[in-house]
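To start, the structure itself, in structure tokens.
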Amino acid sequence: MTELLRPERPVGIVGYGAYIPRYRLPAREIARIWTEGKGGLPIREKAVPGPDEDTVTIATEAARNALARAQIDPADLRAVWVGSESHPYAVKPTGTIVAEALGATPYTQAGDWEFACKAGTEAMVAAFGLVGSRMADYALAIGADTAQGRPGDALEYTAAAGGAAFVVGPAENSLAVLEATLSFVTDTPDFWRRAHQHYPEHGVRFTGEPAYFHHIGNAARAFLEATGTTAADYAYAVFHQPNAKFPQRIAKSLGFTEEQTEVGLLSPVIGNTYSGAAIVGLTAILDVAQPGDRILVVSFGSGAGSDAMAFTVTEAILERRPLAPATQDYIRRRTEIDYATYTRWRGKLVLK
Amino acid sequence: MEISRHWRLRKQRYALEGEVCPHCGAKLFPPRDVCPHCGLEAKQTYTFVGTGTVVSWTTARQAPEAFAEQAPYVVALIQLDEGPKLTAQLTDLGDTEPYPGMPVEMVTRKLRSDREERGLILYGYKFRPVLERALAE
């Protein structure tokens, strides 16, 4: 009996892609408005979606990048799954719009997944299962968000926008082969948003030990134990990153060094992209990883739970990597905005 | 309420799906089923890559009500590398001023909401300055 999830047929990532909006709101600009510029800042700045962007448009561009690298016909996808906590509609799937934009319709699954910040990895694990059971050859799993924090709340400093997409397929056609996954979930109320509410609520300090560290730590430790590996076996590791401090602390406690984690740690410069957070980090790692490198990914979603998974990079990465923009290309494309522009674009002004 | 029209146009709006003439090879956008170049039937669908250059542009400050949310915005005449010219909004300009010949690429964005926040969200093509990439294809 093992807690590990392993597909019957070996599977992996055939193509990956990221998207991060152009605009940045520096944390010091939020502090200028709410704390007279005093107090510590959890990150340097966060990515803010433009006025014409939402989870659909972010998911679509990330998915186009993943398909460009996968070099498969979008019509061969049997699932287009979008994990998000900011689906544009309360009722009407994000997945159908994205699938239509990609040319994946009509013979496909197209559902939306929700699990706070781990909806993206939830969709990935489902895609591994769909392909791993031979029900389908290709499935697309996406995590994308345009997260909102209550004005002045601690989360406003970090709630950001971005996403990542993965074409999952047979291992023999993969640029990173999946080793296994493991999930660790309990009912822990650290963060939530009720229906019809604009902004989420959170348990302040409760979000740390009993939520983030308990779940991500247990998922990671159980995964390492079940796979008989240690931190030293991995070239890279990436953890859910709601700020800069949490992922650094958990990485250190598991024995990972800064060299293993710095490539995937993007929250200081783009913020917490929620469903995209750990997996946008994974795309930045795949942008530089070499064949044979092993990568550990551990997500965290409030409510609460973590998915741990590991990949081994293959030779295919070398020719497919240049077929779409690198994650750092999006991070470099940067236009700073002020708090006033941010409040207008994010719909925080009452107009009627 | 124009649900049926939005639905009919979704593929050309989301992904620049047009047509290619099987007789003379001309690429058509929007799709029109008859080739304007050779006059023969052209119903074969063709999805454009969506790269091109700006020919001309203007900034809309007094926007129609449905587009007021995103005003001011830039509308441009774009010459697609694959042949046709079309008009579309430019997006993600940041501090960049458009100029004639500016290289742009298609992205799918929110065009507007139908009937404000109760209606459909309409998505479609816009163009942005080509993303600079450190690692060339």
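The values are calculated or read from the model by the stated rules, or taken from the named source; none is laboratory data. Just so it is clear, the model here is predicted, and its values are computed rather than measured. Cβ placement follows ideal geometry from the backbone for every residue including glycine, while neighbour counts extend to all protein chains displayed.
Can you tell me which residue within region A:48-93, out of those that are in contact (Cβ under 8 Å) with a residue 40 or more places away in the chain and of a type in the set (Ser, Thr, Tyr), is surrounded by the fewest Cβ atoms within 10 Å (Cβ to Cβ)? Result: A:86. Taking the criterion of being in a loop (DSSP other than H, G, I, E, B) and surrounded by fewer than 22 Cβ atoms within 10 Å (Cβ to Cβ), the only residue of region A:264-284 that qualifies is A:265.
One line per residue, one yes/no per condition, for (1) assigned to a strand (DSSP E or B); (2) more than 11 Å from the chain's Cα centre (by Cα); (3) basic (Lys, Arg):
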| site | (1), (2), (3) |
| --- | --- |
| B:38 | no, yes, no |
| B:77 | yes, no, no |
| B:93 | no, yes, no |
| B:97 | no, yes, no |
| B:122 | yes, yes, no |
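Within region A:191-245, being free of Cβ contacts under 8 Å to residues at least 12 places away in the same chain and assigned to a loop (DSSP other than H, G, I, E, B) holds for A:194, A:196, A:197, A:228. Among the numbered criteria (1) crowded, with 19+ Cβ neighbours inside 10 Å; (2) away from every other protein chain (no Cβ under 14 Å); (3) of a type outside the set (D, E, K, R); (4) in contact with a His (Cβ under 8 Å, 6 or more places away or on another chain), which single criterion is violated by residue A:123? Only one criterion is unmet by residue A:123, namely (4). In summary, helices (runs of 4 or more DSSP H) completely within region A:297-352 and bearing 3 or more residues that are farther than 30 Å from residue B:112 by Cα, over 15 Å from the mean Cα position of the chain (by Cα) and in contact (Cβ under 8 Å) with a residue 24 or more places away in the chain occur at A:316-320.
Scanning region B:40-51 for residues that are among the small types (Gly, Ala, Ser) and touching a His at 6+ places or on another chain (Cβ under 9 Å) yields one hit, B:42. Applying the set (1) in a loop (DSSP other than H, G, I, E, B); (2) at the interface with another protein chain (Cβ under 7 Å from one of its Cβ atoms) to residue B:101 leaves exactly one unmet item: (2). Listed by first and then second residue, the pairs linking a residue in region A:104-124 that is modelled with pLDDT of 95 or more to a residue that is of a type in the set (Lys, Arg), with Cβ atoms under 6 Å apart and 6 or more places separating them unless they lie on different chains, are A:108/A:78. Looking across region A:126-140, the residues that are farther than 11 Å from residue A:10 by Cα and buried (at least 23 other Cβ atoms within 10 Å of the Cβ) come down to A:127, A:138, A:139, A:140.
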